[in-house]
Amino acid sequence: MNYSQSIRDAFGIALVQEAKKNKNILAISCDLKNACKLNYFFKKYPKRSFEIGIAEANAIGIAAGLSMDGFRPFVASFGSFITGKNIEIRTSISYNKAPVVIVGTHAGLIGSDGATQSALQDIAVMRSIPNIEVFQPCSPYDAKQILKYVCRTRRPTYLRIARNEIKEFLDKKHFFKVGMVNEILKGSNILVISSGPMVRNCLDAIKRVNAKNGLLNISSLKPLNERLLIRIIQKYRKILTVEDHSIFGGLGSIVSEIVTKYNLKKQVKIHGINDTYINSDTPGNLEKQYLLDSDGIKKIIQNY
Amino acid sequence: MLKKNDLLNIRKNILNSINHADSGHLGPSYSCVEMIYVILKKYVNLKKKFRNKFILSKGHAAPAFYAVLDHLKLLKKNELNTLRKFNSRLQGHPDKKKLAYVDSGTGALGQGLSVSIGYALSAKLKNRENYVFCILGDGELQEGQTWEAAMYIGVKRLKNVITLIDANKFQNEYSVKDTLEEINIKKKWQAFGFNFFKINGHSLKDIDNTIKKCMNKKINKPCVIYCDTIKGKGVSIFENNNKYHSIKKLSTEEYETAIRELSIK
């Protein structure tokens, strides 16, 4: 599969395909349907689409009501805005176990729009709320596979969808299973664990370092097949986690919690955004500045 | 049939359940109990599968909801005594996962009207003529999300949401007036695109007739019913006394006064 596509486009197109088979799928927008790629759905299924306006809290409640009556609504906005509505997600969705899919786009190093628009704490927030599954596709194909699963289940879900354009690196044999982790590169020295668009950068970085380093993608951040993860971790000397998210509460925390819980005695280095807001710049320059491009990640691996 | 005397017994059960739990929101349960009673007795048949919905957005009035469920014989015998207990279906605030009659869990204020919209849109998508009844507190109107929802209902003319406000004039700490005075409330709702009705929220007849009016097919706009109520209504020492907003165990004297006043004369 030799093509490039943004993860959000892959999501938006896959949603339309799934909606053809599943009539319960609805789309709910908060004045950002073009950016969040719900526009394809709105165009194809106008009667199943709802524009709520710039009112994310209301949109969350509306989605909850629709879902509790049998529908599978996808409510989308920028990840920073939608997951910022913590109490609404907590009470109207999670407490009710309302099967809403919350889609947060524009996560990580989004570019010149800067700090307020970029989701950097969303994984930490969402995984701390009960009853919610948290997924983040690492490539366009992964996005499609995750969408297939999400459209066949009725659990509250958070989808973290990046806007990054990714050159597809998974092959057709790849499939998504809830809880699953996939070892993209096998090794024995450092295990680099990543999620979302950073997986691609890690892959490029590792290939440029001459050592037996492995790469693990975690798309299913919650729930997570801990046994599978432990088995892989145990083959390696130490661990490096790489994420376009705060170093608090995200992927690095997930891995550290498991290493501690099962007393795996492995060193874990967490590489991500250091408890700060990002700057405005192009996504490429931002990746460079925060050492999250392949050069930066390569440096981190070499100095580890 | 709607019977005034039913309310005496329901109020007694609210009091007993809270007293048994040693905590609970008494005043705000007493102010909206007639509203819940009329809605559940006449307009929302909780036993039916495809039915109208009821959302108690002011979830702290859960004891009133539970006592009406008990009156409708939807709870187990003595279940009211499990209020606020571990693993009880009757949690401090309504829990949909524990009690299936709850159409939405509430308690963090301001969210019920939005969830009501969701149910109302769902009914429309399914071509069902179902209504959603949502009770808000007057203090709760300070939550911004309520107005996001009101804006949507008004603009979209979502007539199958019927909004009721339990205007008991108090909130957790002080009176509404002393907290953030409610000004031009009628004009506010009208400006959002609603028909506004102000009624006596303790009159079963008024509640029933106004709901009927709101459900009339000829009505052109969505409706809000502003129910003028008394916090702690029904027991002289509780009425308009915010000390009884959320209570611990009552003294024997308070308890006996209440039971005496709630007994059928």
Cβ-Cβ under 8 Å, sequence separation 6+ or interchain: first residue in the range B:119-146 and at the interface with another protein chain (Cβ under 10 Å from one of its Cβ atoms) and within 15 Å of A:Leu66 (Cβ to Cβ), partner aromatic (Phe, Trp, Tyr) and open to solvent by less than 20 Å² (accessible area, probe 1.4 Å). Which pairs? B:Ser122/A:Phe71; B:Leu125/A:Phe71; B:Asn130/B:Tyr119; B:Val132/B:Phe54; B:Val132/B:Tyr119
Criterion violated by A:Pro130 - all others in (1) within 14 Å of chain B (Cβ to nearest Cβ); (2) open to solvent by 10 Å² or more (accessible area, probe 1.4 Å); (3) closer than 26 Å to B:Ala120 by Cβ satisfied: (3)
Out of curiosity, is B:Ala149 hydrophobic (A, V, I, L, M, F, W, C), open to solvent by 10 Å² or more (accessible area, probe 1.4 Å) and at the interface with chain A (Cβ under 10 Å from one of its Cβ atoms)? no
In the range B:71-109, how many are surrounded by fewer than 20 Cβ atoms within 10 Å (Cβ to Cβ), under 24 Å from A:Gly65 (Cα atoms) and touching a residue at least 60 places away in the same chain (Cβ under 8 Å)? 1
Residue check, A:Lys85 against (1) more than 10 Å from chain B (Cβ to nearest Cβ); (2) open to solvent by 10 Å² or more (accessible area, probe 1.4 Å); (3) in contact with a helix residue (DSSP H, G or I) (Cβ under 7 Å, 6 or more places away or on another chain); (4) not aromatic (Phe, Trp, Tyr), all met but one. Which one? (1)
Look through A:Phe74, A:Phe78 and report the one residue that is open to solvent by less than 10 Å² (accessible area, probe 1.4 Å) and in contact (Cβ under 8 Å) with a residue 40 or more places away in the chain. A:Phe74
If B:Lys49 satisfies every condition in (1) basic (Lys, Arg); (2) farther than 24 Å from B:Thr210 by Cα; (3) surrounded by 24 or more Cβ atoms within 10 Å (Cβ to Cβ) but one, which is the exception? (3)
List the residue pairs whose Cβ atoms are under 6 Å apart, where the first residue sits in the range A:214-230 and is in the same structural domain as A:Cys138 (by TED's automatic domain parsing), the second is crowded, with 22+ Cβ neighbours inside 10 Å and not in a helix (DSSP H, G or I), and the two are 6 or more positions apart or on different chains. none
Selection from the range A:110-121 of residues that are part of a loop (DSSP other than H, G, I, E, B) and open to solvent by 30 Å² or more (accessible area, probe 1.4 Å): A:Ser112, A:Asp113, A:Gln121
Kindly indicate whether any position in the range B:56-77 is closer than 28 Å to B:Ile247 by Cβ and within 12 Å of another protein chain (Cβ to nearest Cβ). yes
Can you confirm whether A:Lys222 is farther than 17 Å from A:Ala119 by Cβ and basic (Lys, Arg)? no
Mind checking whether some residue in the range B:160-174 is open to solvent by 30 Å² or more (accessible area, probe 1.4 Å), more than 29 Å from B:Tyr244 (Cβ to Cβ), more than 16 Å from the chain's Cα centre (by Cα) and at pLDDT 95 or above? no
Taking the condition surrounded by fewer than 18 Cβ atoms within 10 Å (Cβ to Cβ), touching a residue at least 40 places away in the same chain (Cβ under 8 Å), of a type in the set (D, E, K, R) and more than 14 Å from every other protein chain (Cβ to nearest Cβ), does B:Lys187 pass? no
Filter result for A:Ala76 (closer than 22 Å to B:Val102 by Cβ and not assigned by TED's automatic domain parsing to the domain that holds A:Ile247): no
Would you check which residues across the range B:84-132 are outside any loop (DSSP other than H, G, I, E, B) and among the aliphatic types (A, V, I, L, M) and list them? B:Leu113, B:Val115, B:Ile117, B:Ala120, B:Leu121, B:Ala123, B:Leu125, B:Val132
Kindly indicate whether any position in the range A:89-100 is buried (at least 24 other Cβ atoms within 10 Å of the Cβ) and more than 14 Å from chain B (Cβ to nearest Cβ). no
Among the residues that make up the range A:51-68, is at least one of them closer than 23 Å to A:Ala14 by Cβ, more than 9 Å from every other protein chain (Cβ to nearest Cβ) and touching a Pro at 6+ places or on another chain (Cβ under 9 Å)? no
Based on what the data block shows, is A:Ala57 aliphatic (A, V, I, L, M), in contact (Cβ under 8 Å) with a residue 60 or more places away in the chain and assigned by TED's automatic domain parsing to the domain that holds A:Ala162? no
Looking at B:Gly112, is it at the interface with chain A (Cβ under 10 Å from one of its Cβ atoms) and either at positive phi or open to solvent by 30 Å² or more (accessible area, probe 1.4 Å) (or both)? no
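The values are calculated or read from the model by the stated rules, or taken from the named source; none is laboratory data. Quick caveat: nothing in here was measured; it's all calculated off a predicted structure. Cβ: placed from backbone, ideal geometry, glycine included. Neighbour counts: every protein chain shown. Surface areas here come from the heavy atoms of the whole protein model, side chains and all, with no ligands, DNA or RNA. Shrake-Rupley method; radii C 1.70, N 1.55, O 1.52, S 1.80 Å.
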